[in-house]
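Peer 1: Sharing a structure here in structure tokens format.
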Amino acid sequence: MKKEIREEFWHAFEKSPFIMIRLDDASASGAGHAEPMTAQLDKEALHTIWFFASRSNRIATGGRAMGQFASKGHDVFACLAGTLVEETDPARIDKHWSKEVEAWFPNGRNDPDLMMLRFEIDDAEVWTVEPGLFGTFKMLTGSAIRSSEMGKHAVGLV
């Protein structure tokens with residue numbers, strides 16, 4: 001079941017690669033508040049995601065971090081824990097560079113304010129929501145619903 005849920009999560013993340021991410025270190029600038037980031041995904045790296053950011057971004061210092069994801073259809077939710085580190089491989093930056101990224105960094109790949117962060121995921125929880133016809137009927141009628149009737153949950157997907 002874990003493999004099925006993991007695949008469902010990555011498929012949903014690929015369709016809507018936006019995540020709220022925050023640093024765990026309370027002494028870091030802006031820690032405690034998450035912000036939306038656009039994830040750069042790589043199908044061969046299922047425990048890692050990347051972000052383009054400015055050096056003044058509140059997560060730019062890196063460190064332990066937590067990411068929260070909700071799919072576009074609100075049927076997949078995830079909480080990801082890991083470490084943010086600066087990605088220094090120019091090939092990785094080139095691989096993920098796009099017109100969308102360039103819109104945020106008009107000075108291009110060599111902009112001194114540009115950095116890429118790598119989020120190395122070491123723990124995750126994923127929930128899927130699929131109440132089905134019976135679960136939907138119970139919700140509409142106010143009947144009690146067991147969590148097992150609403151979807152699946154997996155811990156430690158990495």
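Peer 1: Are any residues in the range 42-94 of a type in the set (S, T, N, Q), under 12 Å from MET115 (Cβ atoms) and in a strand (DSSP E or B), and if so, which ones?
Peer 2: The answer is SER54, and nothing else.
Peer 1: Any residue at all in the range 12-24 that is in contact with a Ser or Thr (Cβ under 7 Å, 6 or more places away or on another chain), assigned to a loop (DSSP other than H, G, I, E, B), at pLDDT below 95 and surrounded by 16 or more Cβ atoms within 10 Å (Cβ to Cβ)?
Peer 2: No.
Peer 1: Residue under question is LYS3, and the condition is that it be touching a Lys or Arg at 6+ places or on another chain (Cβ under 7 Å), under 23 Å from VAL129 (Cα atoms), exposed (fewer than 12 other Cβ atoms within 10 Å of the Cβ) and of a type outside the set (Phe, Trp, Tyr); does it hold?
Peer 2: No, not satisfied.
Peer 1: Kindly list the number of the only condition in (1) surrounded by 12 or more Cβ atoms within 10 Å (Cβ to Cβ); (2) more than 19 Å from ASP42 (Cβ to Cβ) that fails for ASN107.
Peer 2: Exception for ASN107: condition (1).
Peer 1: Now for a separate question. Looking at the range 104-120, which of its residues are basic (Lys, Arg) and not in a loop (DSSP other than H, G, I, E, B)?
Peer 2: Listed by number, the list holds a single entry, ARG118.
Peer 1: Additional query: Here is a check on your reading of the model: is ALA65 at pLDDT 85 or above and either surrounded by 13 or more Cβ atoms within 10 Å (Cβ to Cβ) or closer than 21 Å to ARG6 by Cα (or both)?
Peer 2: Criteria met by ALA65.
Peer 1: Quick test of your reading of the structure: LYS3 fulfils all but one of (1) touching a residue at least 24 places away in the same chain (Cβ under 8 Å); (2) farther than 24 Å from ARG92 by Cβ; (3) of a type outside the set (A, V, I, L, M); (4) not in a loop (DSSP other than H, G, I, E, B). Name the failing condition by number.
Peer 2: (1)
Peer 1: Among the residues that make up the range 111-129, is at least one of them exposed (fewer than 13 other Cβ atoms within 10 Å of the Cβ), more than 30 Å from ALA39 (Cβ to Cβ) and either at pLDDT 90 or above or not small (Gly, Ala, Ser) (or both)?
Peer 2: The answer is no; no qualifying residue exists.
Peer 1: If we scan the range 105-114, do we find a residue that is in contact (Cβ under 8 Å) with a residue 60 or more places away in the chain and either over 22 Å from VAL129 (Cα atoms) or hydroxyl-bearing (Ser, Thr, Tyr) (or both)?
Peer 2: yes
Peer 1: Can we say ILE49 is surrounded by 13 or more Cβ atoms within 10 Å (Cβ to Cβ), within 22 Å of ASP123 (Cβ to Cβ) and at pLDDT below 90?
Peer 2: It is false that ILE49 is surrounded by 13 or more Cβ atoms within 10 Å (Cβ to Cβ), within 22 Å of ASP123 (Cβ to Cβ) and at pLDDT below 90.
The values are calculated or read from the model by the stated rules, or taken from the named source; none is laboratory data. Quick caveat, the model's predicted, so the values are computed rather than measured. Don't worry about glycine lacking a Cβ; one is built from the backbone with ideal geometry, like all the others, and counts go over all protein chains shown.
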